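Data first, discussion second: the structure below is written as structure tokens.
The values are calculated or read from the model by the stated rules, or taken from the named source; none is laboratory data. Model, not experiment: these values are computed from the prediction. Counting neighbours? That spans all protein chains shown, and the Cβs are built from the backbone with ideal geometry, glycine included. Ligands, DNA and RNA are stripped out before the accessible areas are found, and what is left, the full protein with its side chains, is counted by its heavy atoms. Shrake-Rupley method; radii C 1.70, N 1.55, O 1.52, S 1.80 Å.
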Amino acid sequence: MFTLFLVLPITLIAQTTERGEASHLKGINYLYMNVDTSLAPRITSAERLDISDIVELQLRRADINLRPYVMNAPQTNVPLVEVSIKVAQSRSVDNYELTLKVFDYVTIDRNKQRTIATIYEMQRESVPTPDDLSSLKSKLRELMSDFVTAFEKQNP
């Protein structure tokens, strides 16, 4: 029973990760939005559209000004909020890893190339049942709600 109390907090920490300072979101007046599900092959095109709609709806409900994402010109899509979903097969069941990253005009030199830096990142993990993405969508809504809360605290 004692080990159960030790395992539970570690499990909760592993499912919710936040990197970067929320203060780095301060002063952002608009965002470009991109949803990437290329590393989750089981997600159909209709489900991709639903996932993209969830992200956009959460941002628009928070009155965050969204600008259209230009696919073939990534350098013009800054500041960018990117939500990526991938399958992590670390256990017997496929887990979906949801990652939200915000890129801003901060650049760093990496391997002698200028790279737009990630200023904020959040992660969630979802274990859906086969053929049912309701758990994934629920975790996505939770992720977006947490991001909107952090964004609104910095940009009242």
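The figures follow:
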{"read-out": "Evaluation of residue 42 against (1) modelled with pLDDT under 85; (2) part of a helix (DSSP H, G or I) (one fails), failing number", "value": "(2)"}
{"read-out": "Count of the stretch 37-76 residues which are touching a Phe, Trp or Tyr at 6+ places or on another chain (Cβ under 7 Å) and of a type in the set (Val, Ile, Thr)", "value": "1"}
{"read-out": "Filter result (assigned to a helix (DSSP H, G or I) and of a type in the set (S, T, N, Q)) within the stretch 135-156", "value": "135, 138, 145, 149, 154"}
{"read-out": "The one condition in (1) part of a loop (DSSP other than H, G, I, E, B); (2) modelled with pLDDT under 75 that residue 71 fails to fulfil", "value": "(2)"}
{"read-out": "From the options 55, 83, 78, residue that is at pLDDT 80 or above, part of a loop (DSSP other than H, G, I, E, B) and surrounded by 14 or more Cβ atoms within 10 Å (Cβ to Cβ)", "value": "78"}
{"read-out": "Contacts under 8 angstrom Cβ, first residue in the stretch 54-65 being closer than 17 Å to residue 133 by Cβ, partner modelled with pLDDT under 95 and open to solvent by 80 Å² or more (accessible area, probe 1.4 Å), 6 or more apart", "value": "54/141; 58/141"}
{"read-out": "Members of the stretch 23-35 found to be surrounded by fewer than 16 Cβ atoms within 10 Å (Cβ to Cβ) and either in a helix (DSSP H, G or I) or of a type outside the set (Ser, Thr, Tyr) (or both), listed by number", "value": "23, 26, 27, 29"}
